[in-house]
Amino acid sequence: MTDKLKDMFNSISLPEDLDERIELGFDRGRAYESAQRRRFKRRVVAVAATLTLIIGSISIIGLDKVEAAIKQMLQYVPGYNVLVDKEEGEVLALQEPVYHEVDGIFLRITAASKLDKNLTVTIESNKNLISKEEVLLKDERSNILAPSSWAVAGGGDFWQGNYHFEVKEDYVDYSIVLGNQEVSFTLEKTIEVDDFLQLGPHAQDKGISIVAIKKPMEDKMKISLLNRSEGEKIVGYPFEENLYSSIWNPYTKLEKSMYLIDREGSKTYPTIPSSFGSQMSDFYFPTTDKEGLKLVLPYVKVNYPNLKTEKVRIQTPKDGQVERINKTLVLGNIEINLIDIRRDKDEIIVSLKAVSLEDEILDDVRIRGISGYGLTFNEDTGYTELFIDREEVGNRFSLYFESPTTLLLGDWEIEFD
Amino acid sequence: MKIKMSTDEFETLFKQYKADIYRIAYTYVNNEADALDVVQETAYQAFISRNKIRDKTKFKSWLLKIAVNKSRDLLRKNKMILFDDLSTVRTMEIKKDESVSMFMDDLKSLSLDEKNIIVLKIYFQYTFEQISEELKLPISTVKSKYYRALEKLKVEEGVYDRQA
């Protein structure tokens, strides 16, 4: 019977691009290892619109550093070329998006920004990246530069990347070179405003201000969101697919996405955002502009990078044994209870229970002391289960948690008229 | 003791099991595009973890376990995904033998438990007892779910009987 079943499974045909996708996975692994070896520069600035929500792979080299720097240093609105914080110097931004196509292969420059000698360019293309051709920058004097860091997201026939270059001179005209394509673009000075809230309609709650800039398009509405906070680091807006809270709090009732609501009470939810996960995020709503529209954000995602629990030393149980831990670890407003640990052959399972506040729910947390693990919610026990390979931890190991990301519920309703 | 495995050696070994990885992924996610995503994720995860392998004889089961975990991750993630225009970019366009196509359709009817059991049975050669331990299910439940899965896949009825 098993042989027959196996034979049936073997009848599932293998797709032509199987090898290609394996190579993409390896490439991403190589990029990760290379990034681990690389020393990041602390002062990396200027990022343009970022698309990270594409099904497929995400290879990241230095993106988090770039975003962190941006969050601390400036408030730049891509597409509007508005800059709020001008203390850090003159910021240049892409004058207008550029599209170039040869034999069905397109290359689109969607955003660019430059502060001092740091230039970041966001491009989209369907060119096969497996060929390992580099994205290069050419300046006005035909000097060619390779990127010092980059982040690529995408899969299949579409990808988008942010490329950071350290330029030598202050030019405004550059070209991106990819294979046999060379696409020119021009930078211009950004508009500056003194007060963040001057940018547009806004809402304030719990020390967090959110500004929404509305831009009606042909058949949809683009809304760019900007925020400022007194303490927490805002890392995301309400958009359902970016949630992990179901692993920690599966039964929490929550409106998972922001929405536009009109005077008749009809709600419209956003489709794919063009940028996501930072302070400058664009969202597209499949609706036309009308009077009385209101944007409702049921929560924002905030991160506490400096919060860390104490370390707990745990003895690895013998196969089949369950040991109680009964330890509560505190992470700001969140508590994580370590219930017990059990071993099933080569797998160690730690049962956890996150206790959140009514208006602040744990979404994600970094688990330290172990390098590889899996997390899932066990509906039978009501606990979140942390899976670790026995080989990973030996006979004893330490476990602690840091940098929690939470969903902070609040009253952010922004009226446009 | 950890084994130092060269990149070339790792990649060669990985590719030996690519068909199993893809088919496991397909069993869980039931479409080519997602299964390829799982394969790519598995390649990435295995690549960066390759130096943690201590016993080469366990390479295959280690690799397939990553594929299973990545498949489950994707299923979990897909529950929360709103947009469909990117996830449905590619569908099966290759014309298949009708019986194969029926089999692939029937795979969709399996519950997650049934998929787990079938994968452990076929690709990990687990006994019912081992599956019971792995999934924390009573043996009787494992057996009944297994036979129900076979029924759904119409193995006994010989619907897919064909030359191997």
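The values are calculated or read from the model by the stated rules, or taken from the named source; none is laboratory data. Computed from a predicted model, the values in this text were never measured in an experiment. Methodologically, a virtual Cβ is constructed for each residue, glycine included, from the backbone with ideal geometry; neighbour enumeration extends over all protein chains shown. Accessible surface is based on the protein model in full, side chains and every heavy atom, while ligands, DNA and RNA are left aside. Shrake-Rupley method; radii C 1.70, N 1.55, O 1.52, S 1.80 Å.
Gain in length, A:N306 to A:E230, computed as 0.36 nm per residue apart minus the alpha-carbon separation, to one decimal in nm?
Length difference between fully extended and current span is 25.9 nm.
Expected output is a single nm value to one decimal: the length gained when fully extending between A:K168 and A:S148, i.e. 0.36 nm times separation in residues minus the C-alpha distance. What is it?
Contour length minus Cα-Cα distance gives 5.9 nm.
Report the A-B buried area as the accessible area lost on both sides summed, probe 1.4 Å, in Å² to the nearest 100.
The buried area between A and B, both sides summed, comes to about 5500 Å².
Based on the Cβ-Cβ distance from A:Q204 to A:D3, what FRET efficiency comes out when R0 is 60 Å, to the nearest 0.05?
Working from the Cβ atoms, E equals 0.35.
Just report the Cα centroid separation between segment B:1-73 and segment A:280-303, whole Å.
Going from one Cα centre to the other spans 40 Å.
Across every pair of different alpha-carbon atoms, what Kirkwood hydrodynamic radius in Å does segment A:197-337 reach?
17.9 Å
Output the pairs from B:K108/B:K136; B:K115/B:K152; A:K253/A:K353; A:K215/A:K290; A:K206/A:K327; A:K256/B:K70 with a Cα-Cα distance over 21 Å in this structure; if there are none, say none.
Those over the limit are B:K108/B:K136; A:K206/A:K327; A:K256/B:K70.
In nm, give the distance between the simple-model label positions of B:E151 and A:T376, each being 7 Å from the Cα along the Cα-to-Cβ direction.
In this crude label model, B:E151 to A:T376 measures out at 2.4 nm.
Leaving out ligands and nucleic acids, note down the accessible area per residue over segment A:294-345 with a 1.4 angstrom probe, in whole Å².
51 Å²
Hey, with R₀ at 22 Å, roughly what FRET efficiency would A:T271 and A:N126 work out to, going by the Cβ-Cβ distance, to 0.05?
Efficiency, from the Cβ-Cβ distance: 0.60.
Distances over 13 Å make up what percent of all Cα-Cα pairs in segment B:7-77?
Roughly 59 percent, once rounded to a whole number.
Tell me the net charge near A:W412. Cut-off is 14 Å between Cβ atoms, A:W412 excluded, with +1 for each Lys or Arg and -1 for each Asp or Glu.
-3
Modelling each spin label as a point 7 Å along the Cα-to-Cβ direction, I'd like the A:E391/A:R368 distance in nm, to one decimal.
Calculated label separation equals 2.7 nm.
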